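Here the structure is laid out as C-alpha cells; the discussion comes afterwards.
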Amino acid sequence: MHIDPADPILLVGDAYARGRAQALCGEPLIAAVQSAIDTRLARAAPLLEKPSVRAFLLEQSRLLETLDPESAAEVAGLADGFERPFDTILAYLHLGILADFATDGCSAWSWTASASAGPILVKNRDYRGEHAALQRVFLHRDPDRPGKAVLCVGSLGSPGAFSSGMNARGFALVDTHVATRDHGPGLLRYFLMTRLLWNCRTVEEALRVIADTPHAGGGAIVMADASGSCAAVELGHRTQSAQISTPYVVRTNHFLCPERAPEGPSTEDGPMGRSTKGRYKRLRMWLEARAGGPTLAEVAALMGGHHDDGEEALCRHGEDGDSRTISCAIFAPAELRLYFSSREPCAGEWNSYECRP
C-alpha cells in the first residue's frame with residue numbers, strides 16, 4: 001500500500017461562491033459535467049415529464065429555500081458555473097430517488113476507537129462510470145465560519161458531500177444508496193450530509209439533527225467521530241431508524257432495521273440484490289472476527305477484495321450491473337485525515353489528505 005500526500009481542491013467563500021468555483025477547474029471538465037447532466041436527464045425524460053414528478057420537484061425546490069438556504073445557494077452557484085438552469089441541476093440531483101433503481105451501490109462501515117487504534121470510517125464508492133472522471137476531493141472553507149472546514153469526496157457539478165466527508169472537528173460520514181417506497185417532500189440526502197458536516201461535532205449531535213429534519217427519504221448514512229462513537233441511520237420520508245453499536249456498524253444497499261426493511265425493494269432479485277447481501281455478509285464476518293481495530297493496510301486489502309474463496313466482491317468491476325467501484329475512502333477522524341484511492345482500491349494507489357481550517 002503506497003500512500004502519497006496530496007492537496008484537495010480548495011473552495012473558499014460562501015455556499016454560492018464554493019458551488020460556482022467548481023467550474024474553475026478547467027474548460028474540458030465543464031464540458032464533461034454538462035455532458036453527464038444532459039445525458040442522464042435525457043435518459044430520464046419520460047420520468048421527468050410525469051405530472052407527479054414535476055410537482056414533486058417544484059415542491060422540493062420551494063422547500064430547499066426554506067429548509068436549507070445554503071444548499072440552495074450552492075446549487076445556484078453550480079448552475080451558474082456550469083451554465084445549466086437551477087431546476088436542471090436540482091432535477092439531476094434527485095434522479096436517484098425519482099427512479100430509485102438500485103444500480104448504484106457502495107459498501108460502508110465504521111469501527112470505534114480501541115486501545116491500539118483510533119476510529120475509522122470506510123466506504124467503497126460504487127457508482128456509474130462517468131463519475132470516475134468527475135470525482136474530486138474538495139476542501140470547503142467559509143470565511144464566515146472561522147475555525148471550521150469540510151473535506152468532501154464528491155463529483156464536479158454536485159454539491160458538498162455528494163459521497164462522503166469529514167469536518168475539522170473530527171466528525172465524518174459516508175452514505176450508501178438504498179431504494180425505498182418511502183419518499184416525499186424533504187431534504188435530499190446529499191444536502192443533509194453537507195449540513196451535518198458544517199454543524200456537528202459528534203455522532204450524537206448529528207442524530208439529533210437528523211431526527212429533527214424533514215427528509216426526502218432513501219439511503220443510509222454511516223457516521224463516526226473523533227471520540228470513537230459510530231452509528232448508521234436508514235432514511236425514510238416518514239421515519240428514520242438509527243443503529244448505535246460497538247465496535248462497528250455496516251451498511252450496503254438494503255435496509256436492515258425491521259421498521260425500514262419492508263419499505264425497501266426485494267433483496268433477492270437480480271445481481272444487485274445478491275451483491276448487497278453478499279457484501280454485507282463479507283464485511284460483517286470480517287469485522288466480527290477481529291479482536292481489535294484493523295490497521296490501514298488490512299482495511300485497504302479488505303476493500304480491494306474480489307470474489308475470493310466464493311465471497312462477494314467488495315471491489316466491483318461492473319460484474320453485477322452498471323455500477324463499479326470508482327474509489328475507496330478511509331477516514332481517520334481522530335487524525336483529521338482521509339486516506340483515499342481515486343480508483344479501484346485493488347490497484348493499491350493511495351493519497352492522504354488533511355482536514356484543517
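The values are calculated or read from the model by the stated rules, or taken from the named source; none is laboratory data. Given the structure is predicted, the values throughout are model-derived calculations rather than measurements. In this analysis, Cβ positions are derived from the backbone assuming ideal geometry, glycine residues included, and neighbour counts consider all displayed protein chains.
For region 1-24, how many residues are closer than 14 Å to ARG136 by Cβ, surrounded by fewer than 16 Cβ atoms within 10 Å (Cβ to Cβ) and not acidic (Asp, Glu)? Reasoning before the result, please.
Let us first name the residues in region 1-24 that are closer than 14 Å to ARG136 by Cβ, namely 6-11, 18-19, 21-24.
Okay, now just the ones that are also surrounded by fewer than 16 Cβ atoms within 10 Å (Cβ to Cβ), so 6-7, 10, 24.
Next, from what is left, pick out any that are not acidic (Asp, Glu): 6, 10, 24.
Residues meeting the conditions: 3.
As an exercise: evaluate GLY186 against (1) in contact with a helix residue (DSSP H, G or I) (Cβ under 9 Å, 6 or more places away or on another chain); (2) surrounded by fewer than 24 Cβ atoms within 10 Å (Cβ to Cβ); (3) at negative phi and give the number of the one condition it does not meet.
Result: GLY186 fails condition (3) only.
Residue by residue, here is whether (1) in contact (Cβ under 8 Å) with a residue 12 or more places away in the chain; (2) more than 14 Å from ALA329 (Cβ to Cβ); (3) crowded, with 21+ Cβ neighbours inside 10 Å; (4) of a type in the set (Asp, Glu) holds:
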site: GLU130; (1), (2), (3), (4): yes, yes, no, yes
site: ARG136; (1), (2), (3), (4): yes, no, no, no
site: ASP142; (1), (2), (3), (4): yes, yes, no, yes
site: GLY147; (1), (2), (3), (4): yes, yes, no, no
site: PRO159; (1), (2), (3), (4): yes, yes, yes, no
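Could you count how many residues in region 129-147 are within 22 Å of the chain's Cα centre (by Cα) and closer than 18 Å to ALA161 by Cβ?
Counting residues in region 129-147 that are within 22 Å of the chain's Cα centre (by Cα) and closer than 18 Å to ALA161 by Cβ gives 10.
Please identify the pairs in which a residue from region 216-229 that is farther than 27 Å from LEU64 by Cα and in the same structural domain as GLY186 (by TED's automatic domain parsing) has its Cβ atom under 9 Å from the Cβ atom of a residue that is charged (D, E, K, R) and outside any loop (DSSP other than H, G, I, E, B), counting only partners at least 6 apart or on another chain.
ASP225/GLU204; ASP225/GLU205; ALA226/GLU335; SER229/GLU204
Counting only residues that are within 22 Å of GLY160 (Cβ to Cβ), give me the helices (runs of 4 or more DSSP H) lying completely in region 42-120 with at least 1 of them.
Output list reads 51-67, 69-81, 86-99.
How about region 189-224: which of its residues are closer than 19 Å to GLY105 by Cβ and in a loop (DSSP other than H, G, I, E, B)?
GLY217, GLY218, GLY219
Just to be sure I understand, how many residues within region 274-304 are in a helix (DSSP H, G or I) and surrounded by 20 or more Cβ atoms within 10 Å (Cβ to Cβ)?
Looking only at region 274-304, we keep the residues that are in a helix (DSSP H, G or I), and these are 274-288, 296-303.
In the following step, the residues that additionally are surrounded by 20 or more Cβ atoms within 10 Å (Cβ to Cβ) were identified as 275-276, 279-280, 282-283, 299-300, 302-303.
Total satisfying the criteria: 10.
Kindly indicate which of ALA55, ALA42, ALA73 is touching a Phe, Trp or Tyr at 6+ places or on another chain (Cβ under 6 Å), among the aliphatic types (A, V, I, L, M) and more than 20 Å from ARG136 (Cα to Cα).
ALA73
Report yes if some residue within region 171-181 is more than 26 Å from LEU47 (Cα to Cα) and either of a type in the set (Gly, Ala, Ser) or surrounded by fewer than 21 Cβ atoms within 10 Å (Cβ to Cβ) (or both); otherwise report no.
Yes; the residues of region 171-181 include at least one that is more than 26 Å from LEU47 (Cα to Cα) and either of a type in the set (Gly, Ala, Ser) or surrounded by fewer than 21 Cβ atoms within 10 Å (Cβ to Cβ) (or both).
Would it be correct to say that ARG62 is surrounded by 15 or more Cβ atoms within 10 Å (Cβ to Cβ) and either modelled with pLDDT of 95 or more or assigned by TED's automatic domain parsing to the domain that holds ALA329 (or both)?
no
Inside region 311-357, can you point out the residues that are assigned to a loop (DSSP other than H, G, I, E, B) and among the charged types (D, E, K, R)? Walk me through how you get there before you give the answer.
As a first pass, look at region 311-357 and keep what is assigned to a loop (DSSP other than H, G, I, E, B): 311-323, 336, 342-344, 348, 355-357.
Correct list: GLU311, GLU312, ARG316, GLU319, ASP320, ASP322, ARG343, GLU344, ARG356.
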